[in-house]
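One structure is given here, and the rest of the page talks about it.
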Amino acid sequence: MDDLIPDGRIERGFLGVAIQDLTKELAKSFGYDGREGVLISDVSKGSPAEKAGLKSGDIILHFNGRTMNQARKLRNLVAETHPDSTVNVEIFRDGKRQTIPVKVGLLDDKVAVIAKQEQPEQSTSTDLGMSVQTLPPELARQLNYSENQKGAVVREVTTDGVAARAGLQPEQIIVSVNDREVTDARSFHEAVSEQDLTRGLRLQVLDGAHRRFVFLKSR
């Protein structure tokens, strides 16, 4: 239940994580073979989640004793949790299950989302069905990111290609490939060239205020 504070506003719990539903492909890429779970795709700096030690790539299995199988369900449970209360969060990380106590924060209406933080080099990947370029400061500003944001920005996506089927779209920013940091088009190309697309690869992308994982695999 939501709690009222003296001025009539409703208190809601806050963790400071971006989460997404866990697909079989993403689960396998993290070495997890279970069915339940919600994937953490980003952790806000200074948030209750970061202070507790939760990380991007953790799979939340249970929240306060409740099994997690949908991101929406977890969001609702967090919001319904009394701020300042401590809950046990069971996660899967690096092949092991572990339980982490997390002190839930208060959701501030002003912080409803995780904060955003020469000719660019370009790279085209016909295998993936998309082209990327190094993210220049000017484009970073246009997309409402910091000028210092690094990554490879998606420029074009081929219809019905591997990237398109995975849901990648122009102007999304790729920041990692299988946990290897991507700072520009060259590092993206190098990271991809070392992977076997028939086995699949996991990208972490920025999409507006959101960070999420995408799994790419050839047919």
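Table for the structure above
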{"quantity": "Options Arg155, Arg186, Arg165: the member that is surrounded by fewer than 18 Cβ atoms within 10 Å (Cβ to Cβ), at pLDDT 90 or above, more than 15 Å from the chain's Cα centre (by Cα) and part of a strand (DSSP E or B)", "calculated": "Arg155"}
{"quantity": "Residues (assigned to a strand (DSSP E or B), of a type in the set (A, V, I, L, M) and either over 10 Å from the mean Cα position of the chain (by Cα) or not assigned by TED's automatic domain parsing to the domain that holds Ile173 (or both)) located in region 194-213", "calculated": "Leu201"}
{"quantity": "Restricting region 21-36 to residues that are over 18 Å from Gln204 (Cα atoms) and in contact with a strand residue (DSSP E or B) (Cβ under 9 Å, 6 or more places away or on another chain), the residue that is surrounded by the most Cβ atoms within 10 Å (Cβ to Cβ)", "calculated": "Glu36"}
{"quantity": "Failed item, numbered, when Ala209 is tested on (1) at pLDDT 90 or above; (2) under 23 Å from Pro137 (Cβ atoms); (3) of a type in the set (Gly, Ala, Ser)", "calculated": "(1)"}
{"quantity": "Identity of the residue in region 23-52, part of a helix (DSSP H, G or I) and acidic (Asp, Glu), that ends up farthest from Arg199 (Cα to Cα)", "calculated": "Glu50"}
{"quantity": "Matching residues in region 81-110 - criterion: being aliphatic (A, V, I, L, M) and more than 21 Å from the chain's Cα centre (by Cα)", "calculated": "Val87, Leu106"}
{"quantity": "Single residue of Leu22, Leu4 found to be within 23 Å of Leu107 (Cβ to Cβ) and either assigned by TED's automatic domain parsing to the domain that holds Arg93 or at pLDDT below 90 (or both)", "calculated": "Leu4"}
{"quantity": "Considering residues of region 74-93 that are in a loop (DSSP other than H, G, I, E, B) and touching a Phe, Trp or Tyr at 6+ places or on another chain (Cβ under 9 Å) only, the residue farthest from Gly37 (Cα to Cα)", "calculated": "Pro83"}
{"quantity": "Test: Asp196 is at pLDDT below 90 and under 26 Å from Thr23 (Cβ atoms)", "calculated": "yes"}
{"quantity": "Of all residues making up region 116-134, the number that are within 22 Å of Ser44 (Cα to Cα) and at pLDDT 85 or above", "calculated": "0"}
{"quantity": "Which listed residue, of Lys96, Lys103, is surrounded by 12 or more Cβ atoms within 10 Å (Cβ to Cβ) and modelled with pLDDT of 80 or more", "calculated": "Lys103"}
{"quantity": "Filtered residues of region 25-48 (kept if among the polar types (S, T, N, Q) and at pLDDT 90 or above)", "calculated": "Ser29, Ser41, Ser47"}
{"quantity": "Residue match in region 57-71 (condition: assigned to a helix (DSSP H, G or I), at pLDDT 95 or above and either closer than 30 Å to Arg219 by Cα or in the same structural domain as Ile91 (by TED's automatic domain parsing) (or both))", "calculated": "no"}
{"quantity": "Count of residues meeting criterion [part of a strand (DSSP E or B), under 23 Å from Thr198 (Cα atoms) and touching a helix residue (DSSP H, G or I) at 6+ places or on another chain (Cβ under 8 Å)] in region 124-152", "calculated": "4"}
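The values are calculated or read from the model by the stated rules, or taken from the named source; none is laboratory data. The structure presented is a predicted model; accordingly, all values stated were derived computationally and were not measured. Don't worry about glycine lacking a Cβ; one is built from the backbone with ideal geometry, like all the others, and counts go over all protein chains shown.
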